[in-house]
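Just below is one structure, and these are the notes that go with it.
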Amino acid sequence: MSRIVLYWHPMSSATPVACALAELGVAHERVKIDITQGEQRRPDYLALNPNGKVPTLTVDGAPMFEALAIEMWLGETYGVQQGLWPAEGTPERLQAMAWSSWAYVTYGAQMLRAEAARHLSQPNDPHGTAAHQAMDELLALLDTRLAAQPFMLGASYSLVDLIVGSVIGYSAYLGAPVQKHPHVTAWLQHVQARPAMQIDA
């Protein structure tokens, strides 16, 4: 069995990775990196993650960074046998890759754009308004999908729900109009209620 180490900080981008590890029941060690004290800029940590951010996952000493990459690797490595990630070569695997990337890249870009406008500009800044509208449109797209099926890939929960739900949940915390979309809201409540999502990470 591989030796898995998660470098993390509470309530950070490492949280979904910690939740995925819990959901999959993967034995691992945790090393806290105190980002409030600048520990992410120490030379030994930068040797693992040159971005100087959390999370980082090491597998038998080999490092991997970027939460999405880690989550998809966990799915491919541990999730298929448990029915939490689709098998290679299936249409569902293609959808898993697409929607996971959609959450972090397409939706995530608008979420960060709105957050930057909120912090750096006036409340009525047009960039923030445009990003808010774009999130609303993307949430409508997601709502249509979830109106047709209870979970991201169909009838059963998967790590794709955890991945997408983590991003959507954080955006709701930042003020995204999630509550306007009833199917997204109901699905997100189910995702966030899972025991693996309750960990303090």
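The values are calculated or read from the model by the stated rules, or taken from the named source; none is laboratory data. What you see is a predicted model; the values in this text were computed from it and never measured. Cβ: placed from backbone, ideal geometry, glycine included. Neighbour counts: every protein chain shown. In case anyone asks, the SASA skips ligands and DNA or RNA and just uses the protein heavy atoms, side chains included. Shrake-Rupley method; radii C 1.70, N 1.55, O 1.52, S 1.80 Å.
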Would you work out the Kirkwood radius for region 61-102? I mean one over the mean of 1/r across all pairs of different Cα atoms, in Å. 10.8 Å
With a ≥ b ≥ c the root eigenvalues of the C-alpha gyration tensor of region 7-57, is it rounded (a/c under 1.5), prolate (a/b larger than b/c) or oblate? prolate
Among TYR7, ALA22, HIS183, whose Cα projects farthest towards the positive end of the dipole of the chain, with charges put on the beta-carbon of Lys, Arg (+1) and Asp, Glu (-1)? TYR7
Only Lys, Arg (+1) and Asp, Glu (-1) charged, at Cβ; region 1-53 dipole about Cα centre in debye: 100 debye
Hydrodynamic radius by Kirkwood for region 38-123, inverse mean 1/r across distinct Cα pairs, in Å, is 15.3 Å
By accessible area with a 1.4 Å probe, ligands and nucleic acids excluded, highest first: order of ARG93, ARG113: ARG113, ARG93
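Once the convex hull of the C-alpha atoms of region 147-201 is built, how many Å³ does it hold per residue, rounded to a whole number?
For region 147-201, the hull spanned by Cα atoms encloses 75 Å³ per residue.
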How would you rank 43-50, 5-12, highest first, on the average number of other Cβ atoms within 10 Å across their residues? 5-12, 43-50
Short to long, in 5 Å steps from zero, the percent of alpha-carbon pairs of region 7-164 per bin is 2, 8, 15, 17, 17, 16, 12, 9, 4, 1
Share antiparallel - DSSP beta bridges, the chain, percent rounded to 5: 70 percent
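Using a Förster distance of 45 angstrom, determine the FRET efficiency expected from the C-beta separation of GLU88 and LEU174, and round it to 0.05. Can you show the working numbers first?
Values: r = 35 Å, r/R0 = 0.77.
Using R0 = 45 Å, I get an efficiency of 0.85.
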How big is the dipole moment of region 38-122 about its Cα centre under a simple scheme where the beta carbon of each Lys and Arg is +1, that of each Asp and Glu is -1, and everything else is neutral? Debye, nearest 20, please. 400 debye
For region 52-201, give the magnitude of the charge dipole about the Cα centre (Cβ charges: +1 Lys/Arg, -1 Asp/Glu; no others), in debye to the nearest 20. 260 debye
Accessible area of region 30-172 belonging to carbon and sulfur atoms, whole % at 1.4 Å probe: 56 percent
CD proxy, 222 nm, the chain: helix-only mean residue ellipticity via -39,500 (n - 2.57) per DSSP H run with n ≥ 4, per residue, nearest 500, stands at -14500 deg cm²/dmol
